[in-house]
Amino acid sequence: MIVLGIDAAAKSGWGIVDTTAGRPRLLDFGIAKVGNYRSLTAVVGAAIKLGAVKAAIEFPYVSVNPDTALKLGTVVGRWMQECDRAALAFETFTASQWQMQLLAGLITNRSPREVRKKAAAIWVKSTFGIVALEDEADGICLASWRAKVGRFNGS
């Protein structure tokens, strides 16, 4: 399965991973500026051209700041809208859903955000042999986890 993973933020990290041959293979990755709709369109379009049939969008953790919650909710909504416009199926997941499985042994459920981000970058380096920015690593990890776990809702 080829999956687009998106770490939704103002500068969203993303990765496209293929697991059809069994081992995960990184096809592309980068950072998209959500304020620029062309950037989102380009990422989703590239994923579709590479054969992606699903997108996994990380729903950001929001503590108590309502302004931050509104802004991050808008970011997730923009990604969902672009996937929908391009007819790319998607689901949303929390960071804990993929991190506790994919990064097992590198983090615990009490690990702070910085440790989780660093663990994702370490996993990407050890799996794909590349150095990725923290947000890129999260997008790559999310795509890898979702492609490995397999079945999406409704598929």
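The values are calculated or read from the model by the stated rules, or taken from the named source; none is laboratory data. What you are looking at is a predicted structure, and each value in this text was computed from that prediction instead of being measured. Here Cβ is always computed from backbone atoms with ideal geometry, including for glycine, and neighbour counts include all displayed protein chains.
Pairs needed: first member in segment 60-76, assigned to a helix (DSSP H, G or I) and among the hydroxyl-bearing types (Ser, Thr, Tyr); second member anywhere, surrounded by 13 or more Cβ atoms within 10 Å (Cβ to Cβ) and modelled with pLDDT under 80; C-beta distance under 6 Å; at least 6 residues apart or different chains.
Every condition considered, the pairs that remain are Thr68/Val62.
Across segment 105-134, what is the number of residues that are among the β-branched types (Val, Ile, Thr), surrounded by 11 or more Cβ atoms within 10 Å (Cβ to Cβ) and not in a helix (DSSP H, G or I)? Steps first, please.
Of all residues in segment 105-134, those among the β-branched types (Val, Ile, Thr) come to 107-108, 115, 122, 124, 127, 130-131.
Of the ones still in play, those that are also surrounded by 11 or more Cβ atoms within 10 Å (Cβ to Cβ) are 107-108, 115, 122, 124, 127, 130.
This time we only want the ones that are not in a helix (DSSP H, G or I), so: 107-108, 130.
Summing the residues that are among the β-branched types (Val, Ile, Thr), surrounded by 11 or more Cβ atoms within 10 Å (Cβ to Cβ) and not in a helix (DSSP H, G or I) in segment 105-134 gives 3.
Could you tell me whether segment 82-104 includes any residue that is of a type in the set (Asp, Glu), more than 12 Å from the chain's Cα centre (by Cα) and outside any helix (DSSP H, G or I)? Steps first, answer last, please.
So the first thing to find is which residues in segment 82-104 are of a type in the set (Asp, Glu), and the list is 82, 84, 91.
When the remaining residues are screened for being more than 12 Å from the chain's Cα centre (by Cα), the result is 82, 84.
Still in the running and outside any helix (DSSP H, G or I): none.
No; the residues of segment 82-104 include none that is of a type in the set (Asp, Glu), more than 12 Å from the chain's Cα centre (by Cα) and outside any helix (DSSP H, G or I).
Quick test for you: out of Glu82, Glu58, pick the one residue that is closer than 22 Å to Glu114 by Cα and surrounded by 14 or more Cβ atoms within 10 Å (Cβ to Cβ).
Glu58
Under 7 Å by Cβ, and 6 or more places apart or on different chains, what pairs join a residue from segment 77-88 that is within 15 Å of Lys33 (Cα to Cα) with one that is at pLDDT below 95 and part of a loop (DSSP other than H, G, I, E, B)?
Arg78/Val34; Trp79/Ala8
Can you tell me which residue in segment 26-36 is farthest from Met80 (Cα to Cα), limited to those that are free of Cβ contacts under 8 Å to residues at least 60 places away in the same chain and surrounded by 14 or more Cβ atoms within 10 Å (Cβ to Cβ)?
Per the criteria, the residue is Leu27.
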